[in-house]
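Have a look at the structure below before the remarks.
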Amino acid sequence: GDIATCYADPSLARKELDWTASRGIETMTADAWRWQKGNPDGYV
C-alpha cells in the first residue's frame, strides 16, 4: 500500500552539492501531476 507520511532532509544535498530546491512542495507536486496527466503511459 501507499505510505501514510514521507519526510526528507535536504541538508546533505546542500552540504555536499551546494544545492537547494528553488520550488516549494505545492509547485513540485502540481508540476508532477500535470506531467502525469499529459503522459499517462509515462515515457514511451
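Derivation of every value follows stated rules applied to the coordinates shown; laboratory data play no part. Since we're looking at a predicted model, the values are computed, not measured. All Cβ positions, glycine included, derive from the backbone under ideal geometry; neighbour counts span all protein chains shown.
Here are the numbers:
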quantity	calculated
Residues of segment 22-41 with amide N under 11 Å of the 7 Å Cα→Cβ point at A13	22-25
Theoretical gain in end-to-end length, M28 to A4 [0.36 nm per residue, Cα-Cα removed]	6.8 nm
Net charge contributed by nearby residues that have their C-beta within less than 14 Å of W33 (K/R +1, D/E -1)	+1
For the chain, alpha-carbon Rg relative to the globular expectation (2.2 N^0.38 Å, N residues)	1.52
